[in-house]
Amino acid sequence: MIKGEITGREDLFIDGEVHGKIHLDEGRVTIGPNGRVTADVEANEIVVRGRVKGNLHGRERVQIRQTGHAVGDVITQRILVEDGAELHGHVEITRIEERRQPNAEQKTAQPVVGKDLVTTVVPSVPQEPVTIA
């Protein structure tokens, strides 16, 4: 078990227990099928195959695989939730352009609400399909 903060730039595979915070500047965090994470996770890409309780901020992509279970909010550009996976929280889909614009120039976001899930979609910005199981 690891308690505390994990930071770095390389890919990280977790197949044990972590409590705290995980922040990777450039890498991918993969929570393996035996992984049990209670932490906010921030990385370029996040793959969940185990259990996570905490917010997920994948700058490029978040994937919740078939054996994955996530409880917390998700902020990312692209998301994949496979059949059988569980996601309990809010999902915000962002674009790089949105993050760089000052607040006055951003378009008004329209929430799309589903069961235990909110996805923010900005009108007139092309959206990639979002699959939520």
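The values are calculated or read from the model by the stated rules, or taken from the named source; none is laboratory data. This one's a predicted model, so the numbers in the text were calculated from it and none came from an experiment. FYI the Cβ positions are ideal-geometry reconstructions off the backbone, even for glycines, and counts take in every protein chain you see.
Here are a few things to note about the model shown:
- Listed by first and then second residue, the pairs with beta-carbon distance under 7 Å, at least 6 apart or on different chains, first residue in segment 84-103 and basic (K, R), second at pLDDT below 55 and not in a strand (DSSP E or B), are R95/V125.
- For segment 17-34, the tally of residues that are surrounded by 14 or more Cβ atoms within 10 Å (Cβ to Cβ) and either among the hydroxyl-bearing types (S, T, Y) or farther than 19 Å from I79 by Cβ (or both) stands at 8.
- Within segment 26-41, the set of residues being part of a loop (DSSP other than H, G, I, E, B) and at pLDDT 95 or above comprises G32, P33, N34, G35.
- Listed by first and then second residue, the pairs with beta-carbon distance under 6 Å, at least 6 apart or on different chains, first residue in segment 9-21 and more than 9 Å from G35 (Cα to Cα), second surrounded by fewer than 14 Cβ atoms within 10 Å (Cβ to Cβ), are R9/D25; R9/E26; H19/K3; G20/K3; G20/G4; G20/E5; K21/E5.
Every residue, every condition in (1) under 21 Å from I93 (Cβ atoms); (2) β-branched (V, I, T); (3) touching a residue at least 60 places away in the same chain (Cβ under 8 Å); (4) touching a strand residue (DSSP E or B) at 6+ places or on another chain (Cβ under 8 Å), yes or no:
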residue: G32; (1), (2), (3), (4): no, no, no, yes
residue: I46; (1), (2), (3), (4): yes, yes, no, yes
residue: R59; (1), (2), (3), (4): yes, no, no, yes
residue: D73; (1), (2), (3), (4): yes, no, no, yes
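- Counted residues, segment 45-82 - those being assigned to a strand (DSSP E or B), surrounded by fewer than 18 Cβ atoms within 10 Å (Cβ to Cβ) and among the charged types (D, E, K, R): 4
- Matching residues, segment 49-81, being aliphatic (A, V, I, L, M) and within 15 Å of T30 (Cβ to Cβ): V52, L56, V62, I64, A70, L80
- Per-region count, segment 85-116, residues modelled with pLDDT under 95, of a type outside the set (D, E) and in a loop (DSSP other than H, G, I, E, B): 9
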